[in-house]
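To keep things clear, I will list the structure first and then write my remarks on it.
The values are calculated or read from the model by the stated rules, or taken from the named source; none is laboratory data. Just so you know, these numbers come straight off a predicted model, no measurement behind them. Backbone-built Cβ (ideal geometry, glycine too); neighbour counts: all protein chains shown.
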Amino acid sequence: MKIETYNTICDVPDIPYVKEFKDLFHDLEKTNPCRQKYHLLVEVDDFAFFCEYRLNLNIFTYNKLKLNYPVRIIGIPASVGTQGFYATSAHLKKRMYEYISTFKGASLVLNTFDNESIDAFGAGQTLPTHILYVKWNTLDEYLSSMRSNYRYRLKKALRNNISIRKIDNKDFDDKLYSLYLNVYKKSSFKLEKLSKSFFQQFGEIIVLEDKTAIAFIQIYKKNSTMYFMFCGIDYEYNNVPDLYYMMLFEVIKRGIKEKVEVIDLGQTTSDTKTKLGAVMEKRYMHATHSNKLVRSLVIKHMDKLSYNEEHKNYNVMKSR
């Protein structure tokens, strides 16, 4: 088996998956550098590819304990609930995990689609993601397809004097960044704190204002998918629940207008997102360590490192 390692996505051959996410990886190298590397495993006509990056991560993110530890993460270094790897066969996928298990220290394969048992890895749940499969040509069609109680709740949230506008990324200022920090500090599931320059360079920024900025959303469109990346909120605003509905609706509105097939609403606040028609999809993670004792403890106690909350999908849309 041949293994190649690359320091920039631009040097990776244009294979499936890389073609799909190459622009995103390239943008993230500039806006969110976190020691990214890309690995390509080739065996005859089969291949596996993955992206790795480094973070000091609270390994008890889903627990009340706190222990920051340097972790090599196999994933996409952004708020995207999809896998950071691709394999053309089960055999190459197995070889890929074997290769990852040789890395020194802690390694975490994040946002996998299945909870399969893999030698030398502990398996558990991470945050679910929320996907809205776009079946409507217009916003009116989307609203008409909702059951009346969910449509009423959404329209109630939209009755306000809030104005919405897209800004140039360079105009993302300290005020807007403070709104992002509000959300970051309030989050129970912190991964990394992004810099102001990340927002000044990446995606599109939409600001919600009531005389002054009270919230913003960051979206990123790639191929037929629109991603809700990050946001900021003034929690002193008089009606935060309605404000959040409005923020999510703005993502949906723009996705329908731009004719995307999928709107990825991200991995938190399940209740609100599913009440707007998104489908909650479980995501998993696989963890290992080069030290045999630590690895055995990780495998044995993976439940303490995993996300264990349960949420439900709501029957929001009318049957066709």
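For residues in the range 93-122 being modelled with pLDDT under 95, more than 14 Å from the chain's Cα centre (by Cα) and within 28 Å of Met229 (Cβ to Cβ), which is surrounded by the most Cβ atoms within 10 Å (Cβ to Cβ)?
Applying the filter and picking the extreme gives Asn115.
Looking at Gly105, is it closer than 19 Å to Thr5 by Cα and without any contact (Cβ under 8 Å) to a residue 40 or more places away in the chain?
Spelling it out, it is not the case that Gly105 is closer than 19 Å to Thr5 by Cα and without any contact (Cβ under 8 Å) to a residue 40 or more places away in the chain.
For the range 217-225, does any single residue satisfy the condition of being assigned to a helix (DSSP H, G or I) and on the phi < 0 side of the Ramachandran plot?
The answer is no; no qualifying residue exists.
State all residues of the range 285-303 that are more than 22 Å from the chain's Cα centre (by Cα) and either of a type in the set (S, T, N, Q) or part of a helix (DSSP H, G or I) (or both); if no residue qualifies, say none.
Matches in the range 285-303: Ser290, Asn291, Lys292, Leu293, Val294, Arg295, Ser296, Leu297, Val298, Ile299, Lys300.
Condition first: among the small types (Gly, Ala, Ser), at pLDDT below 95 and in a helix (DSSP H, G or I). Can you find one or more residues in the range 185-200 that meet it?
yes
Conditions: (1) in a loop (DSSP other than H, G, I, E, B); (2) in contact (Cβ under 8 Å) with a residue 40 or more places away in the chain. Glu236 meets all but one. Number of the miss?
The failed condition is (2).
Regarding the range 30-52, can at least one residue be identified that is in a helix (DSSP H, G or I) and farther than 19 Å from Arg283 by Cα?
The answer is yes; a qualifying residue exists.
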